[in-house]
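The values are calculated or read from the model by the stated rules, or taken from the named source; none is laboratory data. A quick note: this is a predicted structure, and the numbers were derived from the prediction, not measured. Positions of Cβ are generated from backbone atoms using ideal geometry, with glycine treated the same way; all protein chains shown enter the neighbour counts.
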Amino acid sequence: MSARDQILGAVRRSLKRAAGDGAEETVSARLAEHPRGPVPARAQLPHKEQVALFQEQAEAVQTTVDRLADLSEVPKAVSAYLSSQNLPQSLRVAPDGRLGALPWQAEAPLLEVSTGPARSDDATSLTPVFAAVAETGTLMLRSGPESPVTLNFLPETHIAVVFASQIVGSYEDAWQRFREAGNDSRLPRTVNFITGPSRTGDIEQTILFGAHGPKRLHLLLIDDVP
């Protein structure tokens with residue numbers, strides 16, 4: 001018997017499990033049913049109010065938000081934000097088709113734009129999101145070829161494009177949308193939930209931004225439907 005068998009056997013004995021006791025079928029049935037957990041009352045709102053709540057909750061955790069009417073406004077908005085923060089006009093963009101098709105040169109000629117996973121010297125990234133959760137102002141990001149996970153964490157400044165139609169009330173709603181998109185059969189390597197910029201209070205309870213990821217999180221919240 002291997003060490004692995006011994007460990008698993010001890011776990012089964014402690015749980016009083018045995019072959020044929022129906023435990024495997026019970027677990028499989030629960031996974032297939034996708035039972036919903038509790039949803040806070042503040043998340044059970046009409047969609048327009050969910051959008052307002054999302055912005056309110058995001059700003060409460062030091063996320064900055066720009067409201068845009070259309071995706072085509074993104075290049076100018078990015079350039080203006082970088083200028084307002086006295087940051088270099090340099091941007092690493094996720095290889096997402098919608099972002100790549102934007103009129104970067106025409107609308108933001110001073111902005112140096114490159115595409116791909118984050119590199120060690122990239123200061124600012126721009127990514128899409130899969131969904132956004134109103135109850136906590138949280139982003140849900142699904143890794144994949146069009147959204148490398150390094151862009152979410154390596155650059156000091158993370159800019160994310162959020163469509164109003166991507167905002168849902170609760171985490172339960174976000175996972176339901178995730179499953180409806182067919183992700184149960186082809187799970188991505190990672191699903192990240194991001195609430196505000198990276199911070200820690202480990203040292204003398206003093207809040208320090210950027211300790212474990214981006215020190216700035218800026219959202220471009222677009223009112224149209226993707």
Practice item. Out of the residues in region 35-84 that are part of a loop (DSSP other than H, G, I, E, B) and among the small types (Gly, Ala, Ser), state the one that is nearest to Leu126 (Cα to Cα). Key: Ala69
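Residue check: is Arg4 surrounded by fewer than 10 Cβ atoms within 10 Å (Cβ to Cβ), more than 28 Å from Lys215 (Cα to Cα) and not assigned by TED's automatic domain parsing to the domain that holds Ser170?
On the way: surrounded by fewer than 10 Cβ atoms within 10 Å (Cβ to Cβ): yes; more than 28 Å from Lys215 (Cα to Cα): yes; not assigned by TED's automatic domain parsing to the domain that holds Ser170: yes.
In short, yes.
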Point to revise | Condition met for Gly144 (among the small types (Gly, Ala, Ser) and either without any contact (Cβ under 8 Å) to a residue 40 or more places away in the chain or surrounded by fewer than 16 Cβ atoms within 10 Å (Cβ to Cβ) (or both)) | key: no
Review point. Are any residues in region 85-138 assigned to a helix (DSSP H, G or I) and more than 23 Å from the chain's Cα centre (by Cα), and if so, which ones?
Key: Trp104, Gln105, Ala106, Glu107
**Study point:** Test: residue in region 45-59 that is over 30 Å from Leu221 (Cα atoms) and loosely packed, with under 14 Cβ neighbours inside 10 Å
**Key:** no
Point to revise | Flag if Asp70 is closer than 16 Å to Leu220 by Cβ, acidic (Asp, Glu) and surrounded by 16 or more Cβ atoms within 10 Å (Cβ to Cβ) | key: no
Check your understanding: Is region 8-30 home to any residue that is surrounded by 10 or more Cβ atoms within 10 Å (Cβ to Cβ), in the same structural domain as Ala123 (by TED's automatic domain parsing), at pLDDT below 95 and not in a helix (DSSP H, G or I)?
Key -> no
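Please indicate, with yes or no, whether at least one residue in region 80-89 is modelled with pLDDT under 95 and either surrounded by 10 or more Cβ atoms within 10 Å (Cβ to Cβ) or touching a strand residue (DSSP E or B) at 6+ places or on another chain (Cβ under 7 Å) (or both).
Going residue by residue through region 80-89, those that are modelled with pLDDT under 95 are none.
No: region 80-89 contains no residue that is modelled with pLDDT under 95 and either surrounded by 10 or more Cβ atoms within 10 Å (Cβ to Cβ) or touching a strand residue (DSSP E or B) at 6+ places or on another chain (Cβ under 7 Å) (or both).
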